[in-house]
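> Here it is, the structure in full.
The values are calculated or read from the model by the stated rules, or taken from the named source; none is laboratory data. Keep in mind the model is a prediction, meaning the values are calculated, not measured. Cβ coordinates were reconstructed from backbone atoms using ideal geometry, including for glycine residues, and neighbour counts include every protein chain displayed. When the accessible area is computed, the model is the full protein with side chains, heavy atoms only, and any ligands, DNA or RNA have been set aside. Shrake-Rupley method; radii C 1.70, N 1.55, O 1.52, S 1.80 Å.
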Amino acid sequence: MTDYSPALIPVARTLAARGALDKDLATAFGVSFTTIRAWKQQHPDFAAACRLSPEAADAAVERALFRLATGHDRETEQLALKDGELIRTTVTEHVPPNDKAAAFWLRIRRPDRWAAPMVIRRAGPDDLTPTEETLREIEHVAYEAWCAAVDGEPEMAGDADTLARIDALAPATAPADDTDPLQILETPAPYPSSQRKLGSLSAGDRSAVETDPSLRWDDAEQESDTLPHRIHPPLPDPITAPFVEPIHADPPAPAARYDPAFVPLARALAGQGALDRDLAHAFGVTTTTIRQWTLRHAAFGQAVRLPKDVADDAVEAALLARATGYSHVREKLLRNDDGDIIRTRTRVEQPPSLTAILFWLSRCPDHRWSLNARPDLDPDEAAALIAETRERVADYDLHRRHWRTHGCAPPGRDEPEPPEWLWDEEGWDDAA
């Protein structure tokens, strides 16, 4: 289609209501981008039909922000000359996620996790450590729960949840697993050369050697007292993958015909966080085709829309990839000596982004990355303080449960006193 027709107006109005931009209209009508601009300048009715409604414009901007935050693949056209003939070839380019777009998205959509800025302040000599502050808050909640039970107020959280929060603060005592997973591929001697006789081993070690199926005896017929050596599996064959994979210059076009049966599959993929490039790989088409299906078929466009939580998870995953670095595939066109065009794919390493790293670490709740953060307790001091607080909280919970059931304190037990720090803050010493 190269000539304008008034019949295009209702079609343009429908596509614009679904968020179609000028480039999408050009693809839908099979014309160039400049042709759409010329039609809009020459025909005011067509220009009015292409104008986006406020809701569609907001959705288009939100979609652009999401694509910028998660990264996307775009298709660009490259030109080449072969035997005096101009060849147009479409190449897929990768656009990495944008750090600022991802940060803005997460701060607005998930403020509970990402809106809190990094607190940098100079710690004073009397300031509490993070562990002390957390234990004080837990003890305060447990004491208020007991007071509520005595006063007959509604039930408050306590018991297992409160004690579990204390246990979660306990410093890790288990050593880290530093075993090498490739140790089985090495071939060290099971015993030193000075202990190559069974007689030099204890009874337990000798029994373990004799029953180990992975040990093989050396010259068992000649000398039965010789220690065996371990049988190791052969080393795996080296993986040889070409760094550049040649592809035909003009691969056969995939089946791009839309089928309504794609809707349930697209909905299932979108529920798992599939983006446009993932849908394109799943259906064997290009991202441009996926965009056309989204605009031309309302059921398919609704099916590929990501749920809120899934979209937010996709942005977080993109931000993590930017902060840690990731790999992507870059397509290029090369020409050999015969003038033939070869399409190649190359793996490219995307380095970590400092902006993404700083934004990610700024949400650490314990201010580990603050320049003036308060130092936490020594592990031994923290363990002792946690044990003391746990006993007091358990006592509060015991009295609370007994008050709820019997309306009095447990037999033979005095009512628990308020926490010492709460006693001082409320001024109860002076009142007493």
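> Give, in nm to one decimal, the length gained when the segment between Asp380 and Ala261 is fully stretched (0.36 nm per residue of separation minus the Cα-Cα distance).
Answer, rounded to one decimal: 36.6 nm.
> Here's another thing I want to ask about it. Taking a 1.4 Å probe, which of Asp83, Asp259, Asp73 shows the most accessible area, and what order do the others take after it?
Asp83, Asp259, Asp73
> Going by accessible area, probe 1.4 Å, with all protein chains left in place, what is the ranking of Asp313, Asp397, largest first?
Largest accessible area first, the list is Asp313, Asp397.
> Using a basic spin-label model with each label point 7 Å from the Cα along Cα→Cβ, how many nm lie between Glu77 and Arg165?
6.2
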